[in-house]
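The values are calculated or read from the model by the stated rules, or taken from the named source; none is laboratory data. Everything quoted here is computed from the prediction, not taken from an experiment. So basically every Cβ, Gly included, is an ideal-geometry build from the backbone, and we count neighbours across all protein chains shown. When the accessible area is computed, the model is the full protein with side chains, heavy atoms only, and any ligands, DNA or RNA have been set aside. Shrake-Rupley method; radii C 1.70, N 1.55, O 1.52, S 1.80 Å.
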Amino acid sequence: MLSGRRGFVRIRAGEPGAVIEVEREHVLALVQTDSELSEILLRAFLLRRVELMAHGVGDVVLVGSRHAAGTLHIQEFLTRNGHPHATIDLDRDAGVPALLDRFQITVNDVPVVICRGEVVLRNPTNGQIADCLGFNAAMDHTQVRDLVIVGAGPAGLSAAVYSASEGLDALLLETHAPGGQAGASSKIENYLGFPTGISGQELATRASTQAQKFGAQLLIAKSATQLVCDRKPYAIEIDHGAHVLARAVIIATGAEYRRLALANLAQFEGVGVYYGATIVEAQVCGGEEVIVVGGGNSAGQAAVFLAQTAKRVHILIWSGGLAASMSRYLIQCIAETPMIVLRPYTVITALEGGDHLERVRWRDNQTGVSETHAIRHVFAMSGAVPNTLWLVGCIALDAHGFIKTGADLSPEELAAARWPLARAPYLLETSLPGVFAVGNVRGGNIKRVASAVGEGSIAVAFVHQVVYPYPAANSHRLKTRYNAFISLPA
Ligand SMILES: Cc1cc2nc3c(=O)[nH]c(=O)nc-3n(C[C@H](O)[C@H](O)[C@H](O)COP(=O)(O)OP(=O)(O)OC[C@H]3O[C@@H](n4cnc5c(N)ncnc54)[C@H](O)[C@@H]3O)c2cc1C
């Protein structure tokens with residue numbers, strides 16, 4: 001109802017009652033303005049989705065092998081987008097050959113996604129799955145949006161919630177799934193208001209529901225591939241094709257873990273080397289030894305999470321200890337978990353195997369001793385490379401490729417970027433007027449969910465100054481929305 005996606009289950013009433021048919025626009029208006037109904041409906045929507053996910057009830061069947069990178073990738077895409085699905089494992093399910101025959105699929109075609117029982121997608125991309133399942137509504141490319149937000153991690157989702165709730169017409173683009181890095185976290189324990197912690201997936205689902213409730217449009221499996229910055233309104237190229245036009249832009253594309261500097265790394269990515277530790281990966285390596293590379297909070301959290309199901313977790317760090325890079329509560333947790341072994345001054349020097357990673361060689365740089373271990377799973381969680389390649393030439397970046405904003409931009413950098421205004425850039429504004437950067441993609445960021453969320457909301461306050469500099473104009477827009485709502489049939 002909120003996202004406008006196609007329904008995929010039938011609902012049967014348990015006892016006699018009355019059905020009230022309400023158009024989607026009216027439901028949206030109701031949940032935005034009637035807090036009591038909004039609470040009942042949103043709670044029902046969220047709980048219903050959790051139940052469907054838990055039972056794999058839906059319109060998608062994934063056929064593949066849990067030892068294949070492609071299968072894991074699709075499973076993660078569906079799970080992180082909250083789309084219920086059933087999985088059939090080639091290696092375990094006796095009924096697979098009959099199913100493959102029925103849909104004329106050969107073993108070479110897997111992973112295969114059977115979409116709505118009708119369309120068979122062979123080794124599909126995220127975009128093909130999103131199109132088949134109707135994740136994205138049709139987009140009017142001539143429409144000029146108040147705001148386009150690129151990236152739906154905590155920073156982008158926060159910008160979407162605040163901008164849409166304050167009456168801006170906001171579009172959010174996301175390459176993969178809402179939640180970003182935080183969505184890969186099994187439990188975030190230090191986010192304000194969640195004393196027992198919250199999983200990244202749950203936080204992302206709640207935030208994207210909230211953004212859509214306020215009217216933000218979310219496009220999944222759509223990447224910004226270029227910012228056309230020599231014209232106004234700005235144009236954002238999507239997947240090297242069509243453009244979307246925007247008066248203001250918030251860049252929230254975050255950063256990715258640095259890839260391990262090993263020649264044959266690509267051979268094992270997804271089949272032994274992973275960049276996130278979600279329930280999907282935990283299931284694959286349950287009962288085995290695993291390696292987590294990195295000494296930050298994300299690595300610590302992954303180690304603690306994986307220790308619940310793995311036989312042993314080795315944390316490899318190049319430095320002597322965790323104190324400088326990890327929160328105290330995690331260090332304590334690691335110290336109290338006998339399954340976790342911390343290996344300081346240690347780096348991976350070789351990966352070996354065939355279709356799957358089989359062995360890892362590491363070296364202790366303090367003693368110079370190298371060892372080979374039959375370990376089949378490595379979680380790479382160190383360093384950060386910002387997702388800013390698509391911006392090169394448009395926006396001032398620092399030496400590591402992160403975006404410079406506000407007071408960090410020197411007069412020389414502004415002159416080089418031909419900053420055209422008499423005023424200095426606002427807080428979080430880049431060297432391009434009306435284009436803001438928030439969260440982990442920004443130089444000097446804090447690498448916390450809370451700071452990303454805070455920056456998303458702060459940037460929206462400045463977007464108002466750029467898009468509707470006169471308060472009266474904005475209040476007129478809000479008034480128009482309110483009038484539209486009160487004219488609904490009773
Ligand atoms: C395992 C793990 C555990 C963590 N635990 C904690 C914790 O307990 N507490 C805490 O405070 N922090 C934690 N963090 C850190 C926190 O998750 C990050 O600081 C936060 O997610 C940063 O948010 P962001 O929105 O800036 O970027 P991201 O979360 O990285 O989101 C960026 C999004 O942009 C999308 N994107 C990238 N390029 C494009 C493009 N060109 N077009 C469209 N979309 C694009 C990406 O797919 C991604 O979804 C953890 C991180 C990890 C990995």
- Message: List pairs: first residue in the stretch 381-400 and among the β-branched types (Val, Ile, Thr) and within 11 Å of the ligand (Cβ to nearest atom), second residue assigned to a loop (DSSP other than H, G, I, E, B) and at pLDDT 90 or above anywhere in the structure, Cβ distance under 6 angstrom, at least six positions apart or on different chains.
- Response: Thr388/Gly401
- Does Leu427 meet the test of being in contact (Cβ under 8 Å) with a residue 12 or more places away in the chain and touching a Pro at 6+ places or on another chain (Cβ under 9 Å)? no
- Task: Please list, ordered by first then second residue, the pairs with beta carbon atoms under 8 Å, 6 or more apart or interchain, first in the stretch 222-241 and closer than 19 Å to Thr142 by Cβ and in a loop (DSSP other than H, G, I, E, B), second near the ligand (Cβ under 10 Å from one of its atoms) and of a type in the set (Val, Ile, Thr).
- Result: Lys222/Thr175; Lys222/Ile238; Asp239/Thr225
- Residues satisfying the stated conditions in the stretch 260-275, i.e. part of a loop (DSSP other than H, G, I, E, B) and open to solvent by 10 Å² or more (accessible area, probe 1.4 Å): Leu260, Ala261, Leu262, Ala263, Asn264, Gly270, Val271, Tyr275
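Say whether the condition of being near the ligand (Cβ under 9 Å from one of its atoms), open to solvent by 10 Å² or more (accessible area, probe 1.4 Å) and in a strand (DSSP E or B) is met by at least one residue in the stretch 290-300.
Looking for residues that are near the ligand (Cβ under 9 Å from one of its atoms), open to solvent by 10 Å² or more (accessible area, probe 1.4 Å) and in a strand (DSSP E or B), one finds none in the stretch 290-300, hence no.
Counting just the residues of the stretch 369-380 that are open to solvent by less than 40 Å² (accessible area, probe 1.4 Å) and part of a loop (DSSP other than H, G, I, E, B), which one comes out farthest from the ligand (Cβ to nearest atom)?
Ile375
Is one or more of the residues making up the stretch 411-418 away from the ligand (no atom under 15 Å from the Cβ), among the acidic types (Asp, Glu) and not in a loop (DSSP other than H, G, I, E, B)?
First pass over the stretch 411-418, keeping only residues away from the ligand (no atom under 15 Å from the Cβ): 411-418.
With the extra rule that they be among the acidic types (Asp, Glu), the set shrinks to 412-413.
Narrowing further to those that are not in a loop (DSSP other than H, G, I, E, B): 412-413.
Yes; the residues of the stretch 411-418 include at least one that is away from the ligand (no atom under 15 Å from the Cβ), among the acidic types (Asp, Glu) and not in a loop (DSSP other than H, G, I, E, B).
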- Residues that are more than 14 Å from the ligand (Cβ to nearest atom): find the strands (runs of 3 or more DSSP E) completely inside the stretch 110-200 holding 2 or more of those. 112-115, 119-122, 144-150
- Tell me which residues, restricted to the stretch 208-228, are surrounded by 24 or more Cβ atoms within 10 Å (Cβ to Cβ) and either closer than 22 Å to Ala44 by Cα or away from the ligand (no atom under 11 Å from the Cβ) (or both). Ser208, Ala211, Ala216, Leu218
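Within the stretch 301-328, how many residues turn out to be farther than 12 Å from Val341 by Cβ and either of a type in the set (S, T, N, Q) or surrounded by 13 or more Cβ atoms within 10 Å (Cβ to Cβ) (or both)? If you could, list the steps in order and put the result at the bottom.
The initial filter retains those residues of the stretch 301-328 that are farther than 12 Å from Val341 by Cβ, namely 301-302, 304-306, 308-309, 318-328.
Remaining after also requiring either of a type in the set (S, T, N, Q) or surrounded by 13 or more Cβ atoms within 10 Å (Cβ to Cβ) (or both): 301-302, 304-306, 308-309, 318-319, 321-322, 325-327.
Within the stretch 301-328, residues that are farther than 12 Å from Val341 by Cβ and either of a type in the set (S, T, N, Q) or surrounded by 13 or more Cβ atoms within 10 Å (Cβ to Cβ) (or both) number 14.
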- Residue pairs meeting the criteria (Cβ under 6 Å; at least 6 apart or on separate chains; first touching a residue at least 60 places away in the same chain (Cβ under 8 Å), in the stretch 168-192; second part of a strand (DSSP E or B) and within 7 Å of the ligand (Cβ to nearest atom)): Leu173/Val150; Leu173/Ala224
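Residues Ala459, Ala450, Ala407: which one is in contact with a helix residue (DSSP H, G or I) (Cβ under 8 Å, 6 or more places away or on another chain) and either assigned to a helix (DSSP H, G or I) or within 11 Å of the ligand (Cβ to nearest atom) (or both)? Reasoning before the result, please.
Numbers: Ala450 fails: in contact with a helix residue (DSSP H, G or I) (Cβ under 8 Å, 6 or more places away or on another chain); Ala407 fails: in contact with a helix residue (DSSP H, G or I) (Cβ under 8 Å, 6 or more places away or on another chain).
So the residue among Ala459, Ala450, Ala407 that is in contact with a helix residue (DSSP H, G or I) (Cβ under 8 Å, 6 or more places away or on another chain) and either assigned to a helix (DSSP H, G or I) or within 11 Å of the ligand (Cβ to nearest atom) (or both) is Ala459.
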- How many residues of the stretch 60-99 are among the hydrophobic types (A, V, I, L, M, F, W, C) and touching a Ser or Thr at 6+ places or on another chain (Cβ under 7 Å)? The answer is 2
